[in-house]
Structure formats: structure tokens, C-alpha cells
1. Over what distance in Å are the Cα centres of the stretch 87-148 and the stretch 27-71 separated?
2. Using Cα atoms only, what is the angle between the long axis of helix 83-95 and the major principal axis of the chain, expressed in degrees (0 to 90) to the nearest 10?
3. For helix 163-178, report the angle its Cα long axis makes with the longest principal axis of the Cα atoms of the chain; keep it between 0 and 90° and round to the nearest 10°.
4. Lys23: which lysines have alpha carbons under 21 Å from its alpha carbon, excluding same-chain residues fewer than 8 sequence positions away?
5. What is the stretch 109-167 by shape, rounded, prolate or oblate, if you read a ≥ b ≥ c off the alpha carbon gyration tensor as root eigenvalues and call it rounded for a/c under 1.5, prolate for a/b larger than b/c, and oblate otherwise?
6. Taking N as the number of residues in the chain, what value does Rg over Cα atoms divided by 2.2 N^0.38 Å take?
7. If you add up the charges near Ile13, with Lys and Arg at +1 and Asp and Glu at -1, over every other residue whose beta carbon is less than 9 angstrom from its beta carbon, what do you get?
8. Return the distance in nm (one decimal) between the two label points of a simple spin-label model at Ala64 and Lys23, each offset 7 Å from Cα along Cα→Cβ.
Amino acid sequence: MSFEEKTISIETIYQGRMLKLEKQTVELPNGRQTTREVVKHPGAVAILAVKDDQILLIKQFRKAMDETLIEVPAGKVEAGEERMTTARRELIEETGLQAESMTLLHEFYVSPGFCDELISLYRAENLSESDAFSADDDEFIELQWLPFKEITALLASGQVRDAKTILALQTVLLDCNDSN
């Protein structure tokens, strides 16, 4: 059975700086038509920065939730930018660190029911201070190094509510279990 939906028409409802909202008329596999509201997003990267059995986390206020979240460094892919380049740029912008080694770990959709945002999760190692550090004017970030041995307790505490960060932390736990 085919699950694909054929796009009949697309109407742009909103075009913003970071996203676009489309109203798509589609034909379902059974021949019926329906409407889908789809958020188009350029994608993002998340960085699992590792140093001496510690992971770098950041705290920042997120207006959409009206709260301060604990996250891994992350950021939006700019038009025409390679994802690895985005990861390196965001690591410098948010932390002032650069990575000698950057490895793609996972790619995942954030909310595939209505949004096409794809996040690429990278592991950054062999970190050093960057001469190119220049924080964004609109970001206020606090850095926090978390030892691997404290990851389980942090996750169990419920303090981390950001999905990309939970996935990154669980990846570290899986890697630690695999190496034992």
C-alpha cells in the first residue's frame, strides 16, 4: 500500500525570518482530498561538545515556552550553508569553543506531523578556545559542564525538557554503556 500524498496546491500563509507556513491541498492514497498546514523550516544543528568525560550544556531563555531551558548548543542552518559548517559556527557563537573533530551522530525530525525541520546532531571533540568568538547580540547564554556520571540523574530530575538535548544525553549514555 502506498502512503504518499500527492500535492495538488500550495498557498503560502505566512513567510517569516525563520519559517514559512503553507496550506497544502493534497490527495490521499484513497483518492480523497484534504488540507495540510505545513511549517517549512531550513533545519538546524545540535552539538554534543565533549571534553574530559563531560558534556557542555547551555542555559537560555526560550520565549516560545516562556522559561529558561537546559540545552546542548544548537542553531539554524543558513541558506546555502553546509550543516557541518553550521555546527562549527554555532559552537563558536554560543560557547566560544572550536572543535578539531566534528562527527555526525544522528539526523531526526523535530515534529513531523506538521513541520519539516531536520536537526543534525554532531559530536564535537578536541575543543579549544576560538579567536573568532563573537556572540549573537540577541542571545544570553550560560555555559555548564556536566560530567558523564551525572547525566542519568539530570535526565531523571525532569529538568531537561528539550528533545534534542534529551536525545544527545541519551546518546552519551548509550556510548558509555557500549564501551563497558
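1. Cα centroid to Cα centroid, the span is 13 Å.
2. With rounding to tens, the tilt is 50 degrees.
3. Rounded to the nearest ten degrees, it is 60.
4. Straight-line reach from Lys23, under 21 Å: Lys6, Lys40.
5. Because a/c hits 1.5 or more and a/b fails to exceed b/c, the stretch 109-167 counts as oblate.
6. 1.19
7. With Lys, Arg at +1 and Asp, Glu at -1, the net is -1.
8. 2.3 nm
Here, each number is a calculation from the coordinates, and none is a lab measurement. All figures in this text were calculated on a predicted structure; none of them were measured in a lab. Cβ sites come from the backbone with ideal geometry, for glycine too, and all protein chains shown count toward neighbours.
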